[in-house]
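**Student:** Quick one: the structure is below, questions incoming.
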């Protein structure tokens, strides 16, 4: 108790996290469907990829503490706190993501500092593994003419050799302000963009594929970078397949192989032909998913139907990128099973009702214990308090640890646990009383009753825990909250009975009040129907007078 309570105060988490049905918000359950011709498409890798994509979407809505997690083998639960439009949330999590290949015009650090110098960008590109090493490119420098041309679709690229003669800071992409007001507005948006903020995707709301845009992405070091990107040249539907492979022949590490459709290969050949003539960073194309740059490899030569992206990939990062490219977005098709929207006011009412129900149930148990067990009720009540403290602290700590949120069914599970815990005390008390009825005093009765009561308590709690485990495994959504809480409190019942209730009874048996069976102790032999043992008395006969004899 001391350790858990100290941990609770140390982490600053003093109350359990509340679920959507209590705090208010939207909960969406998605069910994965097998892809046609791919019977094994529903697997852990694809489900984890889908969770990552959906998580980026809901966080892109500007909400905090949104939760996206898998449940079972083919379900994803999306919990979005209150303040989010339900219709927008459903569209974000239930539709196929937008994937585009856009040429990079310029990039710099992810914070809105106009005087920042862009960091070196690792290149990753090539055909047939000709560029298998990750080397930093030159510092990004742009001229007004180069930026303007980069923002035009199908424009003839401006040679960048002359552009590098008078370098400027990439926070100010245009040395000579272009005449086009749209380009000036884009540069202003680029300067003000802060990639550290959760609303970084909102700046591109309404941007069409044929329009230029600004975007954020992370480099190999995990730092945010912001980009000015040209119009989309290739979209995700043009990718036929992608896979992550290990280059064992040349020792180039992990790489991603791409295969395009017939139409996609023509588009990709055209754009890579233009990009291969440019200097860094304008020889890079950005892979943009849901408005965010997931990779920005450089192009060394004209590529066509088959291409590969190489660089400082790990197996996990290569597989993630391959999944994104292969499926063009979500790796699976999902159907919306349930959508539950709860207002904060309704959630507060439900929480209050649940707490009242729990208080009533606890009060009824206490009244019964006092009326039937008298002094023994003290042991049961204190044990219930200990169990409640352990349950509360563990639930509070599980919030930041594993994302556990207390929902209404979980509150119901806690209420049911009151009866399960009290039942364990009753089993032990009745065993003690049976021993007293057999004529034993309290000290030996406590010790002799424990092995029999312990066996019964373990069997009963095992059945309850097994039911909770099965319920948790075969259900999804909020019902799992009930099963989790029921299983947790059942385990705590064993801990409390073994490590608190039994030792406490051993100590109380040494006291005069309980040990001598006081009338209000609940262990009075007379009230338990014990008959006092018969005592034999020896009679002394009067001596016989010899005269009378």
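**Student:** Given the options 379, 367, name the one that is assigned to a helix (DSSP H, G or I) and surrounded by fewer than 17 Cβ atoms within 10 Å (Cβ to Cβ). Show your work before the answer.
**Tutor:** Values: 379 fails: surrounded by fewer than 17 Cβ atoms within 10 Å (Cβ to Cβ).
Within the list 379, 367, the selection yields 367.
Here is a yes/no grid of residues against (1) at positive phi; (2) buried (at least 21 other Cβ atoms within 10 Å of the Cβ):
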{"position": "419", "(1), (2)": "no, no"}
{"position": "424", "(1), (2)": "no, yes"}
{"position": "427", "(1), (2)": "no, no"}
{"position": "432", "(1), (2)": "no, yes"}
{"position": "439", "(1), (2)": "yes, no"}
{"position": "452", "(1), (2)": "no, no"}
{"position": "464", "(1), (2)": "no, no"}
{"position": "470", "(1), (2)": "no, no"}
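Residue by residue, here is whether (1) surrounded by 14 or more Cβ atoms within 10 Å (Cβ to Cβ); (2) part of a strand (DSSP E or B); (3) in the same structural domain as residue 352 (by TED's automatic domain parsing); (4) in contact with a strand residue (DSSP E or B) (Cβ under 7 Å, 6 or more places away or on another chain) holds:
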site: 7; (1), (2), (3), (4): yes, no, no, no
site: 15; (1), (2), (3), (4): no, no, no, no
site: 29; (1), (2), (3), (4): yes, yes, no, yes
site: 32; (1), (2), (3), (4): yes, yes, no, yes
site: 51; (1), (2), (3), (4): yes, no, no, yes
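**Student:** Are there strands (runs of 3 or more DSSP E) fully within region 223-303 with at least 3 residues that are over 29 Å from residue 205 (Cβ atoms)? List them.
**Tutor:** Details: elements: 224-229, 239-247, 253-260, 285-289, 292-295.
So the answer is 239-247, 253-260.
**Student:** Quick one: count up the residues across region 238-250 that are within 30 Å of the chain's Cα centre (by Cα) and closer than 19 Å to residue 286 by Cβ.
**Tutor:** Of the residues in region 238-250, 1 are within 30 Å of the chain's Cα centre (by Cα) and closer than 19 Å to residue 286 by Cβ.
Each row is one residue, and each column tells you yes or no for (1) closer than 17 Å to residue 294 by Cβ; (2) modelled with pLDDT of 85 or more.
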residue	(1), (2)
184	no, no
197	no, no
202	no, no
209	yes, no
224	yes, yes
242	yes, no
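**Student:** A follow-up question, please. From the list 164, 174, pick out the single residue that is more than 18 Å from residue 102 (Cα to Cα), out of contact with any strand residue (DSSP E or B) (no Cβ under 8 Å at 6 or more places or on another chain), at pLDDT below 75 and part of a helix (DSSP H, G or I).
**Tutor:** Numbers: 174 fails: part of a helix (DSSP H, G or I).
So the residue among 164, 174 that is more than 18 Å from residue 102 (Cα to Cα), out of contact with any strand residue (DSSP E or B) (no Cβ under 8 Å at 6 or more places or on another chain), at pLDDT below 75 and part of a helix (DSSP H, G or I) is 164.
**Student:** Here's something else I'd like to know. Counting only residues that are closer than 17 Å to residue 370 by Cα and modelled with pLDDT of 80 or more, how many does region 509-520 have?
**Tutor:** At the first step, the residues of region 509-520 found to be closer than 17 Å to residue 370 by Cα are 513-514, 517-520.
Imposing the further condition that a residue be modelled with pLDDT of 80 or more reduces the set to 513-514, 518-520.
Count: 5.
The values are calculated or read from the model by the stated rules, or taken from the named source; none is laboratory data. Predicted model only: the values in this text are computed from it and were never measured. Glycine gets a Cβ as well: all are built from the backbone with ideal geometry, and neighbour counts include every protein chain shown.
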